[in-house]
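Worksheet: one structure, shown below.
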Amino acid sequence: MYRERRAIWSLPVADELPPWPHLFPALKPPIDVVLDIGFGGGEALVALAAQRPDEAVIGVDVHTSGVAHVLEAIVANGWQHVRVVEDDVLELLPRLPMNSLAGVRLFFPDPWPKTKQRHRRLARTDVVPDLVDRLRRGGTLHVATDSSGYAQQVAAVCALDQRLRGGVVERPDWRPVTKFETRGLVAGRQPIDLIYERIS
Ligand SMILES: C[S@@+](CC[C@H](N)C(=O)[O-])C[C@H]1O[C@@H](n2cnc3c(N)ncnc32)[C@H](O)[C@@H]1O
């Protein structure tokens, strides 16, 4: 069952991505496509997909059990606006068209707190510009993290990209709470949301 669902709804990373109207034929162009990086258990992706049937979402994660959860929701709800990629986002990025995304979500990326692990963080100077390249003008990059060090890194890296405007915002009510966020709250860590718009 999992393999069949995966064959239908997953996007193999080796192939060129078809244009959005081919990928999401049930949606009326122009199609807003959001990239959800590291959707984990899939709670936020599934909750937002249910609330926003007109917004296409491509979820990418290397975490297999979360992928199964999202595939289950796609089939159970008959969704035509959600696709998943089971791979490293760094493999997917070069295959995404430039100036094509309405949004990028990076909710609670792995914090890699130790100094020697920092190079593994996704919000870094050799990745963020590639993400911004894929955002269309007016598109947004939304990062949520409960690591103040990570939030500082996001702010510093985004400040280097003249195409972005934004910074820390109040936690948006619409962002669903996930298990990961709850675990942090229980441990006394507050989430920090940063939203940047591509302005040029
Ligand atoms: C801490 S979890 C957060 C999950 C979810 N976004 C949330 O808010 O609950 C981080 C997720 O990012 C995924 N991840 C880490 N590096 C990744 C990469 N390079 N490409 C895709 N997913 C990645 C992990 O597998 C994990 O599921």
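Filter the chain for me: DSSP H helices, axial length by Cα at least 18 angstrom, mean Kyte-Doolittle hydropathy not below -1.0. List them by residue number. Sorted by number, the helices that extend far enough and score high enough are 64-77. Among the trypsin sites (Lys or Arg not before Pro) in region 91-125, those located in a DSSP loop and surrounded by at most 12 other Cβ atoms within 10 Å of their own Cβ are Lys114.
Built from the Cα atoms of region 15-161, the convex hull projects on average onto 8.8 nm², one quarter of its surface area. Straight-distance candidates among the aspartates and glutamates for linking to Lys114, with alpha-carbon spacing under 17 Å and chain neighbours fewer than 8 residues away dropped: Asp146. Remark: Ile199, Ile74 ranked as Ile199, Ile74, counting other beta-carbon atoms within 10 Å and listing the fewest first. According to the square roots a ≥ b ≥ c of the eigenvalues of the Cα gyration tensor, what is the shape class of region 51-97, taking rounded for a/c under 1.5, prolate for a/b larger than b/c otherwise, and oblate for the remainder? Oblate shape, in that a/c is at least 1.5 and b/c is the bigger or equal ratio. For region 105-148, the square roots a ≥ b ≥ c of the C-alpha gyration tensor eigenvalues yield an a/c of 1.5 or more together with a/b not exceeding b/c, which makes the shape oblate.
Note that region 133-147 has calculated 3J(HN,Hα) couplings of 3, 7, 6, 7, 4, x, x, 10, 10, 10, 10, 10, 8, 10, 10 Hz, one per residue in order, obtained from phi through the Karplus relation 6.51 cos²θ - 1.76 cosθ + 1.60 (θ = phi - 60°); glycine and proline are x.
Only the coordinates and a few stated rules stand behind these numbers; no lab work does. Please read all numbers here as calculations on a predicted model, not as lab measurements. Virtual Cβ from ideal backbone geometry, glycine too; neighbours counted across all protein chains shown.
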